[in-house]
Amino acid sequence: MLYLLVLLMSLHASFADRVQDAYAREDADALRTLLQDADTRTDSLLVRYRLYPLTENADLVNDLPETLDDGTAREWALLSGLWSYRAGEASLFNAVTYGRRSANLLETAQSIDPDDPYVLLIGGQSLLFRPAVAGKDSDAAAQQFDQLAELAEQNKTDGIPPVEAYLWKWLALKEADRPDDAQALHKQLGSRTLAPLYQQFIDDPPDV
């Protein structure tokens, strides 16, 4: 009966939810299969955005377009995130070029729909990871992740669970030197059973 319930749930899960499940389980093989199955530009960009952090496979970011025809806010944001990944692995000269390109793509996404969940997620990450001279703002990042968490609690984020939004908010609060708020959220997260990737995130958070 349990197997049947899980099967039925998987059959009704959206593509983005299946991508998120594989990502949270750190199942790169499942994500590669989903990338082969992706039949829209949005789905392809989403899988690549989730797969790259697990594999750091340069092939996922080497052939990125610099712009999109009739792109949605979500697509522009995902493309921005992918260019950001590429900037992180590039030489200093190319990192500046790619970082600026990522920022411009994100601005386009925000101009179309600043409240799209992936615009909030990638926008918050951008504010958190960019250099101080380029506008790093951890408090603003925390606000974006808080808005994202509210949407996730209302099941309006399609592939971004509440726990992911709260983990990013916790990291932003830490970086913003708000230890009381960060510790309270850390305590709440620590009381949950987390998927492997999210447990690793809280045990060994990324450097920002």
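The values are calculated or read from the model by the stated rules, or taken from the named source; none is laboratory data. Everything quoted here is computed from the prediction, not taken from an experiment. So basically every Cβ, Gly included, is an ideal-geometry build from the backbone, and we count neighbours across all protein chains shown.
Here's a check for you: in region 160-208, which residue that is among the hydroxyl-bearing types (S, T, Y) and touching a Leu at 6+ places or on another chain (Cβ under 7 Å) is farthest from V119 (Cα to Cα)?
Among residues in region 160-208 that are among the hydroxyl-bearing types (S, T, Y) and touching a Leu at 6+ places or on another chain (Cβ under 7 Å), the one farthest from V119 (Cα to Cα) is Y198.
Does region 119-136 include one or more residues that are of a type in the set (S, T, Y) and either touching a strand residue (DSSP E or B) at 6+ places or on another chain (Cβ under 9 Å) or under 26 Å from T33 (Cβ atoms) (or both)? Walk me through it before giving the result.
So the first thing to find is which residues in region 119-136 are of a type in the set (S, T, Y), and the list is 126.
Applying the additional criterion that residues be either touching a strand residue (DSSP E or B) at 6+ places or on another chain (Cβ under 9 Å) or under 26 Å from T33 (Cβ atoms) (or both) yields none.
Checked region 119-136: no residue is of a type in the set (S, T, Y) and either touching a strand residue (DSSP E or B) at 6+ places or on another chain (Cβ under 9 Å) or under 26 Å from T33 (Cβ atoms) (or both).
With the checklist (1) surrounded by fewer than 24 Cβ atoms within 10 Å (Cβ to Cβ); (2) in contact with a Lys or Arg (Cβ under 8 Å, 6 or more places away or on another chain); (3) closer than 19 Å to H186 by Cβ in hand, flag the one item Y166 doesn't pass.
The failed condition is (2).
Only residues in region 191-202 that are loosely packed, with under 13 Cβ neighbours inside 10 Å count as the first member; pair them with residues that are acidic (D, E), Cβ under 6 angstrom, at least 6 apart or cross-chain, and list the lot.
Qualifying pairs under 6 Å: P196/E26.
Among the residues of region 158-190, which ones are under 19 Å from R25 (Cα atoms) and outside any helix (DSSP H, G or I)?
D158, G159, I160, P161
Please state which of the following conditions S191 fails to meet, knowing it meets all the rest: (1) modelled with pLDDT under 95; (2) touching an Asp or Glu at 6+ places or on another chain (Cβ under 8 Å).
Among (1) modelled with pLDDT under 95; (2) touching an Asp or Glu at 6+ places or on another chain (Cβ under 8 Å), the lone unmet condition for S191 is (2).
How do the helices (runs of 4 or more DSSP H) wholly within region 3-114 filter down when requiring 3 or more residues that are among the aromatic types (F, W, Y): which remain?
Details: elements: 15-24, 28-37, 41-55, 73-89, 92-112.
Because the criterion is at least 3 residues that are among the aromatic types (F, W, Y), the helices (runs of 4 or more DSSP H) in region 3-114 that meet it are 73-89.
Please verify whether region 27-49 includes one or more residues that are at pLDDT 95 or above, among the small types (G, A, S), surrounded by 13 or more Cβ atoms within 10 Å (Cβ to Cβ) and under 19 Å from K156 (Cβ atoms).
no
Do the conditions hold for E66, that is, is it without any contact (Cβ under 8 Å) to a residue 60 or more places away in the chain, within 18 Å of A95 (Cα to Cα) and touching an Asp or Glu at 6+ places or on another chain (Cβ under 8 Å)?
no
Take the residues in region 94-152 that are among the β-branched types (V, I, T) and without any contact (Cβ under 8 Å) to a residue 12 or more places away in the chain; name whichever of them is surrounded by the fewest Cβ atoms within 10 Å (Cβ to Cβ).
V133
Please find, among V208, V133, the residue that is farther than 18 Å from L79 by Cβ, in contact with a Phe, Trp or Tyr (Cβ under 6 Å, 6 or more places away or on another chain) and modelled with pLDDT under 95.
The match here is V208.
Going by the conditions given, is S80 among the polar types (S, T, N, Q), surrounded by 19 or more Cβ atoms within 10 Å (Cβ to Cβ) and either touching a Phe, Trp or Tyr at 6+ places or on another chain (Cβ under 8 Å) or farther than 12 Å from L106 by Cα (or both)?
no
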